[in-house]
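The values are calculated or read from the model by the stated rules, or taken from the named source; none is laboratory data. In this text the structure is predicted, and so the values were computed from the model without any measurement. Cβ sites come from the backbone with ideal geometry, for glycine too, and all protein chains shown count toward neighbours.
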Amino acid sequence: MSLDLAPDRIGILPTPQPTPAPAPLSPNALRKIVRELAEQPDQWLHRVRLASDRWYERLALTDDHEVWLISWLPGQSTGFHDHGGSRGAFAVALGEVEELSLGGAEQGLLIRRVPAGSARAFGPEYLHDVRNTAPGPAVTIHAYSPPLSEISRYELRAGGLVRTAQEGPEQW
Ligand SMILES: [Fe+2]
């Protein structure tokens, strides 16, 4: 056996392989992240803006998750949406929001009040609508893993949720 070290082979580096995506964080791990951050207003309070258009700002982005700060004036809502296969969690830091989701056939539309100090966490298939139905503003902190790559929007119709649009990062 001879080594194949022909001159034209020497010095050629192996083609770099793309590093595999890190495993996504669990909903519970994301819940811990948003809960802890919600309890540290010095980390985000100075960034909050209240705007008649929906306002949000990304606080952190890593290989395996991202964190967003969102404000809610009374009446502001997301509409029903998914998270493009990402897991997620949100904590209410100030005020309170309401979360709508579809339960099973017997449960129908579920409406949960999510007050300051509480958090919700969900898996990759979850759909919900988050809204501020309270008289004052609210601030929430959200984490997604992997970082959001797309979301789809849905309308609640008589037969259930119908997908109506898809958005990528360039739209948010
Ligand atoms: Fe969401």
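In the range 34-45, is there at least one residue being under 27 Å from S152 (Cβ atoms), touching a His at 6+ places or on another chain (Cβ under 8 Å) and modelled with pLDDT of 95 or more? Within the range 34-45, one or more residues are under 27 Å from S152 (Cβ atoms), touching a His at 6+ places or on another chain (Cβ under 8 Å) and modelled with pLDDT of 95 or more.
The number of residues in the range 103-156 that are modelled with pLDDT under 95 and loosely packed, with under 12 Cβ neighbours inside 10 Å comes to 7. Screening R54 against (1) within 27 Å of A165 (Cβ to Cβ); (2) modelled with pLDDT under 95; (3) away from the ligand (no atom under 13 Å from the Cβ) leaves a single unmet condition, (3). Against the definition (in contact (Cβ under 8 Å) with a residue 40 or more places away in the chain and in contact with a Leu (Cβ under 9 Å, 6 or more places away or on another chain)), how does L161 come out, yes or no? Against the criterion (in contact (Cβ under 8 Å) with a residue 40 or more places away in the chain and in contact with a Leu (Cβ under 9 Å, 6 or more places away or on another chain)), L161 qualifies. Of the residues screened, T78 is not one that is among the β-branched types (V, I, T), buried (at least 16 other Cβ atoms within 10 Å of the Cβ) and in contact (Cβ under 8 Å) with a residue 60 or more places away in the chain.
Yes/no matrix, rows are residues, columns are (1) touching a helix residue (DSSP H, G or I) at 6+ places or on another chain (Cβ under 9 Å); (2) on the phi > 0 side of the Ramachandran plot:
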residue: V97; (1), (2): no, no
residue: G108; (1), (2): no, yes
residue: A116; (1), (2): yes, no
residue: A119; (1), (2): yes, no
residue: A138; (1), (2): no, no
residue: Y144; (1), (2): yes, no
residue: P147; (1), (2): yes, no
residue: G160; (1), (2): no, yes
residue: P169; (1), (2): no, no
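Criterion first (away from the ligand (no atom under 11 Å from the Cβ), assigned to a strand (DSSP E or B) and surrounded by fewer than 19 Cβ atoms within 10 Å (Cβ to Cβ)) does A165 satisfy it?
Values: away from the ligand (no atom under 11 Å from the Cβ): yes; assigned to a strand (DSSP E or B): yes; surrounded by fewer than 19 Cβ atoms within 10 Å (Cβ to Cβ): yes.
Taking the combined requirement at face value, the residue satisfies it.
Exactly one residue out of S152, S118, S145 is within 15 Å of F90 (Cβ to Cβ) and in contact with an Asp or Glu (Cβ under 6 Å, 6 or more places away or on another chain), and it is S145. None of L50, L13, L25 is touching a Pro at 6+ places or on another chain (Cβ under 6 Å), part of a loop (DSSP other than H, G, I, E, B) and of a type in the set (A, V, I, L, M, F, W, C) except L50. Report, by residue number, each residue of the range 94-148 that is more than 12 Å from the ligand (Cβ to nearest atom), assigned to a strand (DSSP E or B) and within 20 Å of A60 (Cβ to Cβ). L94, A119, V139, I141, S145 - these are the residues of the range 94-148 that are more than 12 Å from the ligand (Cβ to nearest atom), assigned to a strand (DSSP E or B) and within 20 Å of A60 (Cβ to Cβ).
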